[in-house]
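**Student:** Have a look at this one.
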Amino acid sequence: MHVIVLDSETDFDGWRSAARTMAMSAIKPDEIIWTVAGRDPGLFESTPLSTAKADTFSVPASFIDLARIAILNRYPERFSMLYRLLFRLRENPRLMEAATDDDVVRIQVLAKEVRRDEHKMHAFVRFREFGRGDRSRFVAWFEPEHHIVEMAAPFFERRFADMAWSILTPDCCAHWDGRKTIFTPGAAKSDAPSNDPLEDIWRTYYANIFNPARLKIKAMQAEMPKKYWRNLPEASLIDPLIAKAGRTTQAMIASEASAPRASQQRKEQPMTPSSDYAKPDSLAALRAEAASCRACHLWKDATQTVFGEGPPHAPIMLVGEQPGDKEDLAGKPFVGPAGQVLNRALEEAGLDRDKVYVTNAVKHFKFVPRGKIRLHQKPNTPEIKACRPWYERELASIKPALVVAMGATAAQSVFGKITPIGKNRGRLIDLDEAGAETKALVTVHPSYLLRLPDEDAKAREYANFVKDLKLAASFLHKLKAA
Ligand code: URA
């Protein structure tokens, strides 16, 4: 029996070099015990590794990439699982392509759990200010499931480049001074400060984006599992908001039963046969796949992929530019100020937002940090192109009768080329790519309306926006009547 003692739980280089030596000597997976310095290695002595340069063999880069992430999983058997796969790759270099192989699938699951944990850390770390002025530092307490602190740190370096911060966790702490991050051993929760004025900002923000009409408690808990709540300042609002949402919903049901206006009755009618709503799987799969999209560099600074949202076979697909600050944090399209303009205009046009699919041409937030603010940056053509396959696949899955491109970026993505708004807005255009039946409509982006400095222009442009959306609504009515 061979005993390999790695330097730490995340010692990928140590594992890689020991695994290579063992595999070259044809040592079978069940002849090795893998452990970490400090853990009890049991009854066996550590095996000295030969430093003589043996023959080498190559494994696919996809294995190395996956192994580097999977090794961060807390699962104790991961070192030996990885070795078993490596050992088999010697005989079968194409094994990674076998999508149903047990060993491949297990390692993929480990890596997926790690990525998910990293994503949660990006979304749920909340800094609290500690000290004042030049001596102030932002400190957060977080309890990751896996060994992800070093992997997740570059995201915080980029996002909070100009503030000094520390993230404390039970296994490892990261400290950024504006130039580099250093890692120290784990800390206790009591080492982190527990209250500061930033918490009020989080609470106000959360209360503002909370929409009682769209409350889906299960989905919300899947996205924000309860175990993270204890470290989230906004968590104290969740139960009261849910309770209040219940009362609001009851009030809505009661008032609907009394005397609905004719226009409201029309809006409530389903826009596609209900059987269409019963097959959400392919969109769910797309959304899951897009969560780890690396097609361009924008994922690096964004909190998460903001995928489209809405019924899987919605008759209308609205396309915006890219998520903004609030969308990036919430993981949902059009929930910030532009979303409020859009909601109001949709309602005035007689369209129900819950029955349209809303997405963006680019699915990661592009910004430059300015102090604590993140300033929106317009995506460029390579970024729009890199993201277009997601739009194409959403389109193919939803098969809407009408695609509404809001703004220049959306129009560029929808038509696959730069398409001026002024010349094309306000009329239905055949969308050849999606099939003869699909039409497109170009209009302005709701953020454009927010930016107009003069109130008259704002009112005029808003009315034109609603007029365009009314064209979409009447197209739908005609389609349903036909
Ligand atoms: N602007 C967009 O284009 N999309 C959003 O989701 C929010 C703002």
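The values are calculated or read from the model by the stated rules, or taken from the named source; none is laboratory data. Every value quoted in this text rests on a predicted model; they were computed, and no experiment measured them. Cβ placement follows ideal geometry from the backbone for every residue including glycine, while neighbour counts extend to all protein chains displayed. All accessible areas refer to the heavy atoms of the entire protein, side chains included, with ligands and DNA or RNA removed. Shrake-Rupley method; radii C 1.70, N 1.55, O 1.52, S 1.80 Å.
**Student:** Would you please give the residues with an amide H less than 5 Å from that of Cys172, counting only those at least 5 places away or on a separate chain, with H modeled from the backbone geometry?
**Tutor:** Gly186, Ala187
**Student:** Here's another thing I want to ask about it. Let me make sure I get this right: for region 125-191, a, b and c are the square roots of the gyration tensor eigenvalues over alpha carbons, sorted descending. Under 1.5 in a/c it's rounded, otherwise prolate if a/b > b/c, else oblate. Which is it? Write down the numbers at each step before the final one.
**Tutor:** Values: a/c = 1.92, a/b = 1.29, b/c = 1.49.
Because a/c hits 1.5 or more and a/b fails to exceed b/c, region 125-191 counts as oblate.
**Student:** Please list, in chain and number order, the residues 5+ apart from Gly331 or on another chain whose amide H is under 5 Å from its amide H, with Hs placed from the backbone.
**Tutor:** Residues meeting the amide H criterion: none.
**Student:** Mind ranking 92-98, 389-395, 315-321, 409-415 by how tightly packed they are, going by the mean number of other C-beta atoms within 10 angstrom, highest first? Could you put the intermediate results ahead of the total?
**Tutor:** On the way: 92-98: 13.6, 389-395: 19.4, 315-321: 26.3, 409-415: 23.9.
Most protected by this proxy first, the peptides run 315-321, 409-415, 389-395, 92-98.
**Student:** With label points built 7 Å along Cα→Cβ from the Cα atoms of Asn343 and Glu143, find their separation and express it in nm.
**Tutor:** Each label point is offset 7 Å from its Cα along the Cβ direction, giving 3.3 nm.
**Student:** Sticking with this one: Can you work out ³J(HN,Hα) from phi for every residue in region 115-129, in order, using Karplus 6.51 cos²θ - 1.76 cosθ + 1.60 and θ = phi - 60°, giving whole Hz and x for Gly and Pro?
**Tutor:** Working through the residues one at a time gives 4, 5, 5, 4, 4, 5, 5, 4, 7, 10, 6, 10, 7, 10, 7 Hz.
**Student:** Long-range amide H contacts for Ile33: which residues qualify at under 5 Å (H placed 1.01 Å from N, peptide plane, sequence gap of 5 or more or a different chain)?
**Tutor:** Close amide H contacts, sequence-distant or interchain: His2, Val3, Ile4.
**Student:** Output the peptides 68-81, 20-33 sorted from most to least packed, where packing is the average of other Cβ atoms within 10 Å over each peptide's residues.
**Tutor:** Ranking, from highest mean packing down: 68-81, 20-33.
**Student:** Per-residue counts of other Cβ atoms within 10 Å, averaged by peptide: what ranking do you get for 151-161, 333-343, highest first?
**Tutor:** Values: 151-161: 17.0, 333-343: 21.2.
My ranking of the peptides, most packed first, is 333-343, 151-161.
**Student:** Please report the relative contact order for region 283-481, taking Cα pairs under 8 Å with a sequence separation of at least 6, and give it as a percent rounded to a whole number. Write out the running numbers ahead of the final one.
**Tutor:** Values: 353 pairs, mean separation 44.9, N = 199.
Result for region 283-481 is 23 percent.
**Student:** Does region 2-114 come out rounded, prolate or oblate, given a ≥ b ≥ c as the square roots of the eigenvalues of its C-alpha gyration tensor, rounded meaning a/c under 1.5 and, failing that, prolate meaning a/b above b/c?
**Tutor:** Details: a/c = 1.83, a/b = 1.22, b/c = 1.50.
Oblate is the answer for region 2-114, as a/c is 1.5 or above yet b/c matches or exceeds a/b.
**Student:** Over region 2-114, what is the relative contact order in whole percent, taking alpha-carbon pairs under 8 Å and six or more residues apart? Mind dumping the intermediate values first?
**Tutor:** Working: 120 pairs, mean separation 34.0, N = 113.
Computed value for region 2-114: 30 percent relative contact order.
**Student:** Just the ratio, please: alpha-carbon radius of gyration of region 283-481 over 2.2 N^0.38 Å, N its number of residues.
**Tutor:** Details: Rg = 15.8 Å, N = 199, 2.2 N^0.38 = 16.4 Å.
Cα Rg divided by the expected 2.2 N^0.38 Å: 0.96.
**Student:** Work out how much length Lys467 to His376 would gain on full extension: take 0.36 nm times their residue separation and subtract the Cα-Cα distance, in nm to one decimal.
**Tutor:** On the way: separation 91, 0.36 × 91 = 32.76 nm, distance 2.75 nm.
Between Lys467 and His376, full extension yields 30.0 nm more.
**Student:** For Ser474 and His297, compute 0.36 nm times the residue count separating them, minus their Cα-Cα distance, and round to one decimal in nm.
**Tutor:** Details: separation 177, 0.36 × 177 = 63.72 nm, distance 4.00 nm.
Full extension of this stretch gives 59.7 nm more.
**Student:** Which of the trypsin sites (Lys or Arg not before Pro) found in region 321-371 are in a DSSP loop and have at most 11 neighbouring Cβ atoms, other than their own, within 10 Å?
**Tutor:** Details: sites: Lys326, Arg344, Arg353, Lys355, Lys363, Lys366, Arg370; in loops: Lys363, Lys366.
Answer by residue number: there is no such site.
**Student:** Could you tell me what percent of the accessible area of region 347-416 is made up of carbon and sulfur, with a 1.4 Å probe and every protein chain present? Mind showing how you got there, number by number?
**Tutor:** Values: 1450 of 2620 Å².
Taking all protein chains in place, region 347-416 shows 56 percent carbon and sulfur surface.
**Student:** Could I ask something else about it? So which of Lys355/Lys423; Lys189/Lys332; Lys120/Lys226; Lys399/Lys423; Lys300/Lys417 end up more than 24 Å apart, counting from Cα to Cα? Can you show the working numbers first?
**Tutor:** Values: Lys355/Lys423 29 Å; Lys189/Lys332 31 Å; Lys120/Lys226 12 Å; Lys399/Lys423 26 Å; Lys300/Lys417 26 Å.
Cα-Cα > 24 Å for Lys355/Lys423; Lys189/Lys332; Lys399/Lys423; Lys300/Lys417; rest within.
**Student:** Go ahead and collect, in residue order, the members of region 85-103 whose backbone nitrogen is under 18 Å from a label point 7 Å along the Cα-Cβ direction of Arg116.
**Tutor:** none
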